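See below for the structure under consideration.
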Amino acid sequence: MKIEDLYIDGFGPFAAKQVGPFTGSIIVIHGVNEAGKSSLLAFIRMVLFGFPRQKSSEHYPPLAGGQHGGRLSLVDDAGNRYIVERFRGTRGGPVSITTADGAPVDEGNLGRLLGGASSGLFSNVFAFSLDELQAEKSLQDADVNSQIYSAGIGAASLPQALRAIRDKKNDIFRRQGSKNAVADLIAKLEEVGSGLDEAEGNAEKYGGHVSRLSEISRQLGSLDAQRAGLQQRSGENSRLRQGWDDWVFLVDVEDNLAKLPRFDEFPENGIVRLEHGEDQVEAAKREVEETKERFKTVEESAQAIFADEALLNDREAIEHIRRGRNRFDDSVRDLPERRTELQSLEGSLGERLRDIGSDWDEERLESFDTSIVTRGYIEQVRQNLAGKDVEVQQRTGQLEQAKGELLELEDGEKQARKNAEATEEPALDSAALEQKRSALRTTRTRFEEFARLRLRHSDLRDQLESSTGQIAVDGLSGWSQGPALPILIAVAAIVLITVSAILGMQTLVIGGTAGAMLLIVATYIYFKAHREAPVGASPGNQALLNVVRNAETEESEADQRLREAAAVLGFGSHADVAPDAVALDDAESALGASDTALRAWEIIQRRLADALEARQHHERRVENATQVQESAQVGLESARMEWQTWLSGLGLAETLTPETMVELRGRVETSRVALGEVRAMRRRIEAIEHDIDEYRELIEPLANTFGISIGTEENRELASAADALIERYDTVRESESQRDIARHEVEIIGQQLRLREERFKESQEVVVQLLDAGGTDDPEEFRRRAGQNANRRELEQKRAELLVRLQQLSGPGDQFDGFKQSLAQASPQELEDSSRNVAEQIEENAESRKALLIEQGEVGTLLSQLTSEEESSALRVRKNALMEELREQAREWSTLTIAEELLLRTRMKFQEERQPAVIQHAQKFFATITDQRYDRLYSPPGEQTLTVTERTGARKQPSELSRGTREQLYLALRFGLIREFGERTERLPVVVDEVLVNFDPDRARRAAAAFVELSQTNQVLVFTCHPETVDLFTGIAADTQVIEIKPSE
Amino acid sequence: MTRLKFIHAADLHLDSPFTGLRTLEPAIASALKEATFDAYSNIIELCISERVDALLIAGDIYDGDDRSLRAQLKFFDGLIRLSRAGIRSFICHGNHDPLNGWEARLNFPEGSYRFGAAMEGISVFKDEPGRAAVYGISYPQREVRENLARQFVAAGPEAFSIGLLHANVDNNADHEAYAPCTLRDLEDTGMDYWALGHVHTRQVLREANPTVVYPGNPQGRHPNEPDARGVYIVDVDDAGRVRLEFRAVDVVRWATLEIDISELETDQSLFDKIDHEIAQCQDNADGRDIIFRLVLNGRGPLHDSLRRPGFVDDLLERVNDTGPLERPFLWCERIQASTASLIDREQQRQRSDFVGDLVRLCDELQVTPDSLSEIRENLQELYGRGNAGRYLRQYAPTEDDLLELMVSAEAACLAELLDEDSA
């Protein structure tokens, strides 16, 4: 692949810059410092491989403007041309590839154009600067390294692949390491193994535990038997000790019982009952005395007498005074206020009456008629007067309008008359005109008949002539040809003259002249025809001749009928010729003109008549309107007179209109309301005064009777007297009520007294009976006997209880007897000693048993744990899972180990078979450049090292070479790679920037020669600022293309 | 009329762990731990419900070194239940639970008989010795390489004779050749029925004269023991004709679901396919718990997804993410991604570059296994030495394994190399 030219849109110092075309196989681009050589080198790299993603500092921004990027024109080894264009953007900037004629090409083709070279390979091997040549690390780029030592086309990622596989492998297992998956798994397996080892001893433990459990059970059985015997003894002792106190008590009770007397059927609870009876007697006695005392007190109250008792007889009057008391106060307080209100109302009424009229008073106001009838009459009069007034106005307006219209009609009549007088009456009237039209229709019919017969006659004559060879028969031809045409012309002339005469003098002159000329022409034709007429007829045609003659006759008759009909139209029957179609049309036109003139005349006449009739009709309307208006005026006046008469009748001014009458009536009604209020107030005052008088009449007699004085201030004193009366009455009522209550109590307490006296006697009887039951009448003796009886009962009950308790301890029957016997023989001390002894033995037994039970529980727990032990199961599950994981990891590790081995073996094989190509190319170049001083390069298979061998056989590592020589070695290595690359894929252009500057002149020349040799296969672009470098290349290769670039460009 | 009805079981491997499982949810692990016991319990209940005359167990009741006390107690508990139900039990031991294995001091219940190291015959019906007899022998130790079948001789034709033996008949390659014998050896003994154990997949080696049966193990314990597992109910009529009926007693069922990714374009399509396969699997499990392994194979675009770090783990989590564990459960124990990318291997082999050399080298190695010795030696670092060797020695790759690993290794290399190329 070669670069043909390049176009920089914007890049570093360049904008819109075209460089090229590159025509030579080696192109030297010369420019001083800062001319932009490095920018050009970078431009080529970036267009082909994209802008560096991370290193934006190396983007060479377009300082001179333009879009950041540009294009390269390329031609591949097969001669196909492409344009690769790229501008800065995401992912290295978008690239477009087109053919030379602009057709788009798939982006993938760029990779093919570049022979699959990566960016790193191209930058370090094909397009490099002095800096990169000097930097040893540039050849340690993973890609380049791989290229050098593996000549690794197709294995660019081998180092990374190897590293990745080793990393993964080591993560799984590394012999020396402890932090890897396998080591982790083994540690876990060891742990699980320990757990399982422990679990293995469980069976032996299980057997031991089972044996021990059995022994414990046997010992427990023995202890249980011993404990049962001891517990029995302990129980007996315990029962004797428990029963001992009861036994002693029982013996004492029985001794006491033997000493006490026996009372049969002594009353139960005798003492209590006696004391209760005595208490009852005492209480009843006390109640009787209290009741008597109270009866006496109440009886005194019931007989009491008190003052003013006579007031009770005037109960109704007093109650009346009490009910009217408040109303009396209200009346006394209300009276002055009502009187003031009355004065105000009367004043207001007076003002209203004065507003109506000075002669108005309450009486007239009351008598004035304001009925609905009157109001209706006033409204009727108002409407009647208004209606009549309106009617008078309407009638007057109508009369004025009628008069105006009459004047207009009179003017119209005058105009019509003038038009009639200016128009002549036509000669023909309607009847005459219709008669002539009928005649014209008949004439036309007959003319058509005549024309048909004449045509027939003519046809027959033509047949006859053709059969005889003669023109005509005698008499016939002279008629047929001679008279026919002249007759028609003559008839036309006559008709013309006649019509002209009908239409008037003027048309008569023209029509007459034309008619005369037509007559002269007809005469000439007729005579000429007669002079030329042939003679003689052939006998062979006689039959035909007859037919011709018949036709001639019929024609003649038709002609005659035509003439008769035409005579009515004014064509003379004597005329020489019958009228023709033209004459008939003219006659019809003349009739049309007469008809038109007649219609116009009739219209004018009709209009005149209409105008005359209209004027006369309107004159009658004016007369009627005048009469109606006068009648309305009379009606209005009459109504007004009637209204005034009615007003006078009521004593009112005649000047009042119905409207003012309505207002007057309103005021009268308002005043009447005020009058009503005045009168109501007067009635109310009278009522109040009446109430006060009535109250006084009620009080005064009672006050006098009971000594209550009434002073001068009547109303107030009267109120005081009333209040005194009421108070004294209430006091008397209260005293009476208390006396009534006391009387009622006397009865009730009397009854109580009787009852209590009975109860007292009953209680005395109960006590006597009780003493009898005790066999005595002395209460004290009764009490002594009751005490002895109670003591005996208590001892007997105690003895029964003691026997039950002792029997509960011993059991029934013989056991109880034995028990009593043992008690009779025992002593407390003996029992105490025996119990202590047994208790000690039981305690010892319990402790032994407890220890065995604890042990049994513990062993049982251990056995239970062993029986339900699931840990070993879980451990086995875990062990299996771990083993499976371990196997899986081992398998993965094995895969990776084999993968690594495969890569290493392949690389070895690759290096052995392919490395010579790169090294041999490089060796050749290096030997050339160093003038054969170093004639051998060597890279041991599998090792990424390089050794150079001097001609003398001395071997050196690159680091042992001088700077210049080392640069030459790296240059040679690049040449080797370029050559090897090109042998198998696209040959890419080589772009170098000042790579010869550190070479001595001789080696520089040899290196330049090597470039020239390389240019045989690869395009070479050399950037330099040194003119001698330009000379060097042009000196070696005459076809070297030199391109100058300048900073300003 | 029924002369004899018994259940033939073998290889209980009580309390043996499930193998092949890497990680387990605690709840699942707990269920699996009980699975062999539950299956044994199902056998006991089947004996009782079917009212059989006897239960015959042909060895490997325990799992050898892992024989736990709990297993022994549970086993005896089952025998006691049978004894109470009046059902006899006959037991012989195999290579996993030889007589010299440690065991708890437990007494066999009445009606239960364990055969010793010498062959002997026991009547099934004590009061009718001529009706049926069981002949059996137990392994005295794990390694029994002699032909024990030859020791069996039926006492006479009148009783229905059953041979109870743990043995490898006709050299079954999937199992150790313990007590090896041939079908012919068995025929020559005069037995009417051979109740065998040792082979875990049930098979009827011979239908009649004699009937020779491996019932298989009653509970599958790893992915290679899929499908229904159980016992045979053997019904012998008066004429000595045998009718076999298999009954599944397993509680957890193993399945391997294989999915070919060739036709699958998207992750979602893979999820859908997995869901579909799981639903089918559930339909076939009769309501049992299921543990399955998902094997993805084939060549397709999804291979790249499957290679993404964490993808398979996430997928596993998604498959098992069905909320709180409920019975019956469905658990994916592993996703085995054996897929290949769309990389055309043949095309790569044609390349003249490094990649081509690599592929061709692999091809050479595949056909010249001798050259693998160096690789094998490299692997010894892990399998043959140190602590890891102690655990892994027995799993050292065989020649076939190596060839298989080679394929995986080549794929790993290509993935690394070509990934970078395409990057």
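Values in this text are rule-based calculations from the coordinates and carry no lab data. Note that this is a predicted model, so its numbers are computed, not measured. Don't worry about glycine lacking a Cβ; one is built from the backbone with ideal geometry, like all the others, and counts go over all protein chains shown.
Numbers for the structure displayed
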read-out	value
Relative contact order %, chain A, counting alpha carbon pairs below 8 Å whose residues are six or more apart	27
Cβ neighbours within 10 Å from other chains - mean over B:382-393	5
Choice from B:I91, B:I137, B:I48 with maximal GNM fluctuation in chain B (Cα, 10 Å cutoff)	B:I48
Cβ-based exposure ranking for B:C413, B:C332, B:C281, B:C181, in which fewest neighbours within 10 Å come first	B:C281, B:C332, B:C181, B:C413
Helix runs (DSSP H) in chain A reaching 15 Å along axis by Cα, Kyte-Doolittle at least 1.0	A:37-49, A:484-503
Check: the protein assembly as shown dipole with +1 on Lys, Arg Cβ and -1 on Asp, Glu Cβ, in debye	6780
For A:Q67, distant residues with modelled amide H under 5 Å away	A:G10
Amide H within-cut-off set for A:L260, under 5 Å, with H built and near neighbours excluded	none
Anchor B:K5: lysines whose Cα lies under 16 Å away (excluding residues fewer than 8 positions away in-chain)	B:K126
Percent RCO, i.e. relative contact order, over segment B:196-294, from Cα pairs under 8 Å lying at least 6 residues apart	22
Where GluC sites (Glu not before Pro) fall in DSSP loop in segment A:358-424, at most 11 other Cβ within 10 Å	A:E424
With Cα atoms, 0 to 90° folded angle of helix B:267-283 axis to chain B main axis	10
Pairs of alpha carbons in segment B:28-73 whose separation is greater than 13 Å (percent)	66
Sequence-distant lysines (8 or more away, or on other chains) whose Cα lies within less than 21 Å of A:K285	A:K296, A:K761
Inverse mean reciprocal Cα-Cα distance (Kirkwood Rh) of segment B:81-122, Å	11.7
Partner chain coverage, peptide B:356-363 - average Cβ within 10 angstrom	5
Hull volume in cubic angstrom per residue (convex hull over the Cα atoms of segment B:343-423)	107
Stokes-Einstein translational diffusion, chain B - Kirkwood Rh over all Cα pairs, 1.002 mPa s, 20 °C, in µm²/s	88
Taking segment B:344-423 and dividing mean pair separation by its residue count, relative contact order in percent (alpha carbons under 8 Å, at least six apart)	24
Among B:G86, B:V231, B:I137 - extreme Cα towards positive end, dipole of segment B:2-248, charges at beta-carbon	B:G86
Calculated Rg and Dmax of segment B:2-248 using C-alpha coordinates, Å	16.8, 55
Cross-link pairs beyond the 22 Å C-alpha cut-off, checked among B:K33/B:K74; A:K879/B:K273; A:K259/A:K798; B:K33/B:K273; A:K17/A:K37; A:K2/A:K37	A:K879/B:K273; B:K33/B:K273
FRET efficiency estimate (nearest 0.05) - Cβ-Cβ, A:S458 to A:E424, R0 60 angstrom	0.80
Charge sum, other residues only, whose C-beta stays under 10 Å from A:T370's C-beta, Lys/Arg counted +1 and Asp/Glu -1	+1
Local electrostatic count, A:A284, Cβ distance below 14 Å [Lys/Arg +1, Asp/Glu -1]	-3
Share antiparallel - DSSP beta bridges, chain B, percent rounded to 5	30
Overall Cα dimensions of the protein assembly as shown, principal axis frame, Å, largest first	199, 178, 102
Ranking of A:D9, A:D817, B:D227 by count of other Cβ atoms within 10 Å, fewest first	A:D817, B:D227, A:D9
Beta bridge orientation in the protein assembly as shown: antiparallel %, DSSP, nearest 5	45
